[in-house]
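Take a look at the structure below.
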């Protein structure tokens, strides 16, 4: 630094010369631009912002369109939701029982999240830390189950739940959602656990911890990003999933949000305001979950997803 | 930390009395039992019923049918071939477009620029949106009297009263765009996660050697992403084949059946047509086709890598 200043200082117009010194090629990187950052940042800005802006238009206009219909009075054709009205929300929440649907969807989502994460943790730990005879068979079953279409299992599943007398109980949907979430969750979680060195656990055993306590104290905290990814997957999928709820829950006070939305789509396509308001209600929880997890989603994936 | 302590040869489970031999089985038991009951059993019952005549509305004909159902599929069911063809077209178009756009998007948001965090969150947000909600949103956009086409017509683009969903010529691409809207983020998230695991030194070395951005992309980025791309396209292909939410609610398979996929046809046959035996045979065929295509795809993509 001093050497550089001294060098510049020898020229007549010392301070301004520093400021106006010809910029190096990677000038956009301020401060100490290491070479590797420069290699990345050489892309002209417009080549990033222009395509990004176009894609954002494609992504956001549909969301805006829904908000517009939900917030402006019926019959209005304004492109801004003004005057603001919440009549559609009131109508959908009360008359169309979206309040009830919301509660049911929440129960299904949270129960699926808890069950999937808990069961997948146990199974993932077994796959990551033990050698046992049916391990490969179990892995194969997990992978194969990815090819089984839930939609095509509807009829046999319906018969099973009928025999268990669980039709029209949220339990049937929770079980079905959990079962179809499990295989991928177990594969992901066992990948995450494999990334935690066994030596950490062994150190805790030496200190007198049981296997379970060592797991809770040492492994679990390190799994946080992965668990958040898996748990939010389970929640979002069960919140969104439509067919199981449509088939297994026929009583109206047991239905979930997607089924309610489908009723609005089918029954009165005339009442677009109500439809849009229902859509906003369906979107809010997943958007909130997504906003929280989106950073973890990427790190969680790179930590264990592809390794299996 | 405990490097001075010698390796612990035994896990504490053995000391505590619970033989670790049994522990892994206990850990996978909940997942295993659930999957046996609610995936394996339904699958077996589908295979079983595929060899039966089983129709609730014609109980006098129920009974063992041998391969009659399968013979009927391949020799006497034009709808099987049209729906299979549509499914294939749907999967190929969706997966290739989603991959191309997702790759571009991931490369874009992997750059360093102002507002990257918020841009990522917005670009990825449709990932969390359900099929039914996608339908809701795009119904509002496609609506001929209040949708986007009306405003475009006001501005002199296109004509009034265009209903893209009821025209057999446009409905395919209308559905494709809606599904793309929520499908691209899946690829973008997975690819971005993998992009971040590429060592930056590789780019550094390449740029020192004078490789331009295009060459860096083809010689570093793409080879590194190959496994992730193969896995993502496979998972997505299976998912797009099986998933019925969007098409069921957006087009209902119409107009005139031109957007009926094979799973939608199966669901109609089994649930509305009550012909469960035949629907089971169709399911079996779909499952075999899917498995065959997946194995073929994995072989081919691996073969491409070896020949390099």
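What the table shows:
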| quantity | calculated |
| --- | --- |
| Expected-Rg normalisation [2.2 N^0.38 Å, Cα atoms] applied to the stretch A:98-304 | 1.17 |
| Efficiency of FRET from Cβ geometry, residue A:169 and residue B:100, R₀ 41 Å, rounded to 0.05 | 0.40 |
| Whole-angstrom Cα spans of the stretch B:222-276 along principal axes, big to small | 48, 25, 14 |
| Size of the stretch A:133-204 as Cα extents on the principal axes (Å, biggest first) | 50, 25, 21 |
| Residue mean of other protein chain beta carbons inside 10 Å, A:43-52 | 4 |
| Mean projection area, nm², convex hull over Cα of the protein assembly as shown | 38.0 |
| The protein assembly as shown - mean residue ellipticity at 222 nm from DSSP helices (-39,500 (n - 2.57) per run, n ≥ 4, rounded to 500) | -21000 deg cm²/dmol |
| Sequence of A:227, A:113 once ranked by neighbouring C-beta atoms within 10 Å, starting from the fewest | A:227, A:113 |
| Per-residue average of Cβ from other chains inside 10 Å of B:41-52 | 3 |
| Percent of C-alpha pairs per 10 Å bin, the stretch B:64-306, short to long | 7, 24, 28, 22, 13, 5, 1, 0 |
| Computed over the stretch A:68-173, Cα set: Rg, Dmax in Å | 22.4, 67 |
| Gain on full stretching of the segment that runs from residue B:215 to residue B:235 - 0.36 nm per residue minus C-alpha separation | 4.3 nm |
| 10 °C / 1.306 mPa s Stokes-Einstein diffusion coefficient of the stretch B:109-160, Kirkwood radius on C-alpha pairs, µm²/s | 118 |
| Fewest-first sequence of A:187, B:71, A:119 by Cβ atoms within 10 Å of each Cβ | B:71, A:187, A:119 |
| Spin-label model distance (nm) - residue B:200 vs residue A:199, 7 Å beyond Cα toward Cβ | 2.7 |
| Among A:154-160, A:194-200, the order from most to least packed when residues are scored by Cβ within 10 Å on average | A:154-160, A:194-200 |
| Ranked by how many other beta carbons lie within 10 Å on average, peptides B:235-246, B:178-189 from highest | B:178-189, B:235-246 |
| Two-site label geometry, residue A:134 and residue B:274: point separation in nm, points 7 Å out along Cα→Cβ | 3.9 |
| Average other protein chain Cβ within 10 Å of Cβ, residues B:171-181 | 1 |
| Calculated FRET value between residue A:252 and residue B:163, using beta carbons and R₀ = 35 Å, to 0.05 | 0.70 |
| Residues residue B:76 and residue A:82, FRET efficiency given R0 of 51 Å [Cβ-Cβ distance, rounded to 0.05] | 0.30 |
| Rg over Rh, two decimals, the stretch A:45-85 (C-alpha only, Kirkwood Rh) | 1.20 |
| Full-extension gain in nm, residue B:67 to residue B:114, via 0.36 nm per residue minus C-alpha separation | 10.6 nm |
| The stretch B:158-299: translational diffusion in µm²/s, Stokes-Einstein, Kirkwood Rh over Cα pairs, 4 °C, 1.567 mPa s | 70 |
| Between the stretch A:209-256 and the stretch B:27-101, the Cα center-to-center distance that results, in Å | 28 |
| Cα→Cβ-extended label distance, 7 Å offset, between residue A:291 and residue A:45, nm | 2.7 |
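Each value in this text was obtained by applying a stated rule to the coordinates, not by laboratory testing. The structure displayed is predicted, hence computed values, not measured ones. Positions of Cβ are generated from backbone atoms using ideal geometry, with glycine treated the same way; all protein chains shown enter the neighbour counts.
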